[in-house]
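Undergrad: Supplied in structure tokens, the structure appears directly below.
A short reminder: the numbers here are calculations on the coordinates, not readings from a lab. Since this is a predicted model, take the numbers as computed values, not measurements. Counting neighbours? That spans all protein chains shown, and the Cβs are built from the backbone with ideal geometry, glycine included.
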Amino acid sequence: MQKKLFVGLIKSRRGIIGLSILGFLLSLTAIAILVIPFDSYRLWNDPDYWINNPKTAAPFWTSYFGSKDFEHVSLDINNAKTTSEVSEGIRVDNFGFEINIQADDFPDDFMFLHSVKYGEIPPVLQIDVTRPDNNTFTVYYSSLPTTSSVNNTFTDRIFSTNNNIKESLSPYQSFFSFPIFGIEPQVLLFSDTNNLQVLHGTYHISQKFFLFDNSSSIENVGVILGGKVFGIMGTDDLRRDLFVGIIWGIPIALFIGLTVSIFSISIGLIYGVVSGYKGKKIDEGMMRINDIFYAFPTLILLILISITFRRSIFLIILILMTFGWMGTAKVIRSIALQMRNFQYVEAAKLMGQSDVKVIFKHIIPQLLPLTFASVAISVPGAILAEAALSFIGLGDPTLPTWGQMLHDANTADAASRGIWWWIIPPGLMIALTGLAFFLIGNSLDAITNPLRNQNKKG
């Protein structure tokens, strides 16, 4: 029978489309597991992990359909041209970066990164920017914090909002033909001297460290220019790469959908078969329990649990399984009422086989093809249920689920702000995953449902 189901599935147009979509999702899952760092999953809600990304940046490909937006630039020590010289006992380590800017707008911000190991005498850091017009601006000059430690490692990020940078740029008023007071450093530094527009060309950024003892060393340096576009799917208000969230959301969605569907359908299958097979008072009692579960206010329970306990994806799965089997049980029970009178079932009972053996050996195996179809059809409902719960704030906030992403977007008023890339991709992924399992389940149902087969023949 399983072979018949598989053959029928691959012969069905809907089945092929569904399997193709599912294969695509599974390949993306493999990419998430094998390529994307696991820290991006574990630290999804940690702002420090995403600090090097731009804030609320659109996908990079949006620049192809309009003005050329500034694309995010992130350089580290591996991208730097390094020189070192010693003069009068002072070692000067210089790290030079080249950045070619051809965008039509300014960066949103910039950061200078450094990590330095030193002793009691702190190094001095000087940052110079040589522009395409050959003007050199010293944008930062300061010593690092003093320390009593012999071997201290200091790591810091100097943002464009740093007061030292603003003060360092103010003396350069004579270079510009317009007032520079109140202009943000990320605009002034990359502006033409005659007009407030981007000065295109190659910029040379130098981070120069003056080191006063031989034990001092530069562990890392970097330059980040915050772009208006970044990555395949852009970023959100917390600078998180939404592509990473979308990709990590696939295995989570598949895990939720398949786990809830398999267990709830299995519970409903066994419960319904037992109820229909036993009949009479047992059937009546089991159906009343079924009705109680149907009438139970699941949403209120979830709200109470979310207030009382720590919200967890496993808790959500458990609740969805607990209250997701009743419909299957009713359908299976009606089939079991008929099957208990079949000749092979009666023959098994006359041979002295126990009720448990009759149920699990003779009845349930006949229902497995229908169960497979029910599992596939139920997966979209489970995924959508989790997404809906997350959207209203009852999901697990620590995981990059698609529902949680939509919740964050709604909280940040992404729709009214025009941040469509924060809303549309997770919504499309929910729809795409649901479509895959719906097509597969519909195809399996068409194969296993005798009424459909008869109508088709007729």
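Undergrad: May I have the extent of the alpha carbons of the chain along their three principal axes, as whole Å values ordered from largest to smallest?
TA: 105, 52, 39
Undergrad: May I pose another question? Where does the chain land at 222 nm, in deg cm²/dmol rounded to the nearest 500, when only DSSP H runs of n ≥ 4 count, each adding -39500 (n - 2.57), divided by all residues?
TA: Calculated from helices alone, the mean residue ellipticity at 222 nm is -15500 deg cm²/dmol.
Undergrad: Give the angle, between 0 and 90 degrees and rounded to the nearest 10, that separates the Cα long axis of helix 364-391 from the longest principal axis of the Cα atoms of the chain.
TA: Value to nearest ten degrees: 40.
Undergrad: A further question follows. Across segment 1-60, how large is the tail of the calculated P(r) beyond 18 Å, expressed as a percent of all Cα pairs?
TA: Everything past 18 Å amounts to 62 percent.
Undergrad: Treat the count of other C-beta atoms within 10 Å as a stand-in for reagent exposure and order Val379, Val331 from fewest to most.
TA: Neighbour counts put them in this order, fewest first: Val331, Val379.
Undergrad: Can you work out ³J(HN,Hα) from phi for every residue in segment 106-115, in order, using Karplus 6.51 cos²θ - 1.76 cosθ + 1.60 and θ = phi - 60°, giving whole Hz and x for Gly and Pro?
TA: 8, x, 6, 6, 8, 9, 10, 9, 7, 9
Undergrad: What's the local net charge at Trp422, with K and R +1, D and E -1, over the other residues with C-beta under 14 Å away?
TA: -1
Undergrad: Moving on. By the scheme Lys and Arg +1, Asp and Glu -1, what is the net charge of all other residues having a beta-carbon under 9 Å from that of Ile316?
TA: Combined, the nearby Lys, Arg, Asp and Glu give -1.
Undergrad: Report for the chain the percent antiparallel among DSSP-assigned beta bridges with both residues inside it, nearest 5.
TA: 95 percent
Undergrad: Please enumerate, by chain and number, the aspartates and glutamates with C-alpha under 15 Å from the C-alpha of Lys361, excluding those fewer than 8 residues away in the same chain.
TA: Result set, ordered by chain and number: Glu346.
Undergrad: Still on this model: Tilt of helix 402-411 relative to the longest C-alpha principal axis of the chain, in degrees (0 to 90, nearest 10)?
TA: Its long axis makes an angle of about 50 degrees.
Undergrad: So how do 8-18, 383-393, 74-84 stack up, highest first, on mean other-Cβ count within 10 Å?
TA: Ranked by mean Cβ neighbours within 10 Å, highest first: 383-393, 8-18, 74-84.
Undergrad: For a protection proxy built on the mean count of beta-carbon atoms within 10 angstrom, sort 353-361, 410-418 highest first, please.
TA: By packing density, highest mean first, the sequence is 353-361, 410-418.
Undergrad: If you don't mind, there's one more thing I want to ask. So how strong a dipole does the chain carry about its Cα centre when Lys and Arg Cβ are +1 and Asp and Glu Cβ are -1, to the nearest 20 debye?
TA: With Lys and Arg at +1 and Asp and Glu at -1, about 3820 debye.
Undergrad: I've got another one for you. Per the Kirkwood formula on distinct C-alpha pairs, the Rh of segment 60-226 is how many angstrom?
TA: The answer is 17.0 Å.
Undergrad: While we're looking at this one, here's another question. In debye, nearest 20: dipole of segment 60-226 around its Cα centre with unit charges on the Cβ of K, R (+) and D, E (-)?
TA: So the magnitude is around 160 debye.
Undergrad: Normalised by the number of residues in the chain, what is the relative contact order in percent for Cα pairs under 8 Å and 6+ residues apart?
TA: Relative contact order here is 22 percent.
Undergrad: What is the sum of charges around Phe60, taking Lys and Arg as +1, Asp and Glu as -1, for the other residues whose C-beta is under 15 Å from the C-beta of Phe60?
TA: Cβ neighbours under 15 Å give a net charge of -4.
Undergrad: Calculated FRET efficiency, Ser148 and Phe342, Cβ-Cβ r, R0 60 Å, to nearest 0.05?
TA: Once the sixth-power term is evaluated, E becomes 0.10.
Undergrad: As a quick test, which of the pairs Lys280/Lys357; Lys81/Lys117; Lys117/Lys228; Lys11/Lys278; Lys11/Lys357 have an alpha carbon distance above 30 angstrom in this structure?
TA: Those over the limit are Lys117/Lys228; Lys11/Lys278; Lys11/Lys357.
Undergrad: Exactly which chymotrypsin sites (Phe, Trp or Tyr not before Pro) in segment 237-336 are in a DSSP loop and have at most 13 other Cβ atoms within 10 Å?
TA: Sparse-neighbourhood loop chymotrypsin sites (Phe, Trp or Tyr not before Pro): Phe309.
Undergrad: Apply the Karplus parameterisation 6.51 cos²θ - 1.76 cosθ + 1.60, with θ equal to phi minus 60°, to every residue of segment 295-310 and state each ³J(HN,Hα) to the nearest whole Hz, in sequence, with x for glycine and proline.
TA: Once rounded to whole Hz, the list reads 7, 5, x, 4, 4, 4, 4, 4, 5, 5, 5, 5, 6, 7, 10, 6.
Undergrad: Could you order the peptides 119-127, 220-228 from most to least packed, using the average number of other C-beta atoms within 10 Å per residue?
TA: 220-228, 119-127
Undergrad: What residue among Leu315, Val331, Leu238 has its Cα farthest toward the positive end of the dipole of segment 205-346, where the charges are +1 on Lys, Arg and -1 on Asp, Glu, each on the Cβ?
TA: Val331
Undergrad: For Arg240, Arg311, which order do you get if you count the other beta carbons within 10 Å of each Cβ and list the fewest first?
TA: Arranged by neighbour count, lowest to highest, Arg240, Arg311 become Arg311, Arg240.
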